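Here is the structure we will look at, set down as structure tokens.
The values are calculated or read from the model by the stated rules, or taken from the named source; none is laboratory data. Worth saying up front: this structure is predicted, and the values here are computed from it rather than measured. Glycine also receives a Cβ, built like all others from the backbone with ideal geometry; neighbour counts cover every protein chain displayed.
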Amino acid sequence: MVKSLGADYVIDYTKEDFTKSGLTYDIIFDTVGKSSFSRCKKALKTRGIYLTTTPSLSIQLQMLWTSKIGSKKAKIPFTGLRPSSEKVKDLLFLKELIEAGKIKSVIDKRYEMEQIAEAHRYVETGHKKGNVAITLHPL
Ligand SMILES: NC(=O)c1ccc[n+]([C@@H]2O[C@H](COP(=O)([O-])OP(=O)(O)OC[C@H]3O[C@@H](n4cnc5c(N)ncnc54)[C@H](OP(=O)(O)O)[C@@H]3O)[C@@H](O)[C@H]2O)c1
């Protein structure tokens, strides 16, 4: 599935630890919050950046620390906290990419509002593919 979305190379985390392969990267973006800066640091190139979506206390301290010291940086992309004017620009850009077929969204399952508890239970398994949508019907 990941290859069908455009990835050139895929690593199965259940079979291989990407931090131990000897390869190094400019950016490591953990979109599911399962790694840490300390674990990934050795897999970053000099001036490489580690990004995560999970704002733990350790990453906040590492973000502060690496903003002053060291060549490898830790960052949390707090995109949702920016001013609305900037978010609107990004949404319009994303809309263009989606319309041009350059971004494909993956909806694993759809639920009705009445099934919201079931939807949560499924998401909490930690193995949804892409995302889960709740369908709202206009009154
Ligand atoms: N800061 C923000 O704006 C923001 C936004 C959204 C989410 N988040 C945070 O991001 C985290 C992830 O949330 P989510 O709901 O998007 O995802 P999720 O449901 O926790 O992640 C599911 C996906 O993660 C994969 N996965 C599980 N363990 C993995 C590992 N060790 N290495 C690589 N992939 C792994 C699963 O693959 P398999 O099924 O193959 O195991 C599945 O595809 C949450 O902690 C959430 O709070 C933050």
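General observations
- Residue identified as closer than 19 Å to Asn131 by Cα and either exposed (fewer than 10 other Cβ atoms within 10 Å of the Cβ) or at pLDDT below 95 (or both) among Lys15, Lys3, Lys68: Lys3
- For the residues Ile27, Ile49, Ile76, the requirement of being hydrophobic (A, V, I, L, M, F, W, C), out of contact with any Leu (no Cβ under 6 Å at 6 or more places or on another chain) and closer than 23 Å to Lys128 by Cβ singles out Ile76.
- Failed condition for Val106, given (1) within 16 Å of the ligand (Cβ to nearest atom); (2) surrounded by 12 or more Cβ atoms within 10 Å (Cβ to Cβ); (3) over 21 Å from the mean Cα position of the chain (by Cα): (3)
- Any hit, segment 45-61, residues being of a type in the set (A, V, I, L, M), away from the ligand (no atom under 11 Å from the Cβ), in contact with a helix residue (DSSP H, G or I) (Cβ under 6 Å, 6 or more places away or on another chain) and at pLDDT 95 or above: no
- Only one of the numbered conditions (1) of a type in the set (Gly, Ala, Ser); (2) outside the structural domain of Ala7 (by TED's automatic domain parsing); (3) in a helix (DSSP H, G or I) is not met by Ala133, and that is (3).
- Residues of segment 110-124 that are more than 17 Å from the chain's Cα centre (by Cα), exposed (fewer than 11 other Cβ atoms within 10 Å of the Cβ) and either within 24 Å of Lys34 (Cβ to Cβ) or of a type in the set (Asp, Glu) (or both): Glu114, Arg121.
- Close contacts from segment 67-90, counting a first residue that is of a type in the set (S, T, N, Q) and a second that is within 11 Å of the ligand (Cβ to nearest atom) and assigned to a loop (DSSP other than H, G, I, E, B), with Cβ to Cβ under 6 Å and a gap of 6+ residues or different chains, come to none at all.
- Of the residues making up segment 5-41, those that are within 13 Å of the ligand (Cβ to nearest atom), touching a helix residue (DSSP H, G or I) at 6+ places or on another chain (Cβ under 8 Å) and outside any loop (DSSP other than H, G, I, E, B) number 6.
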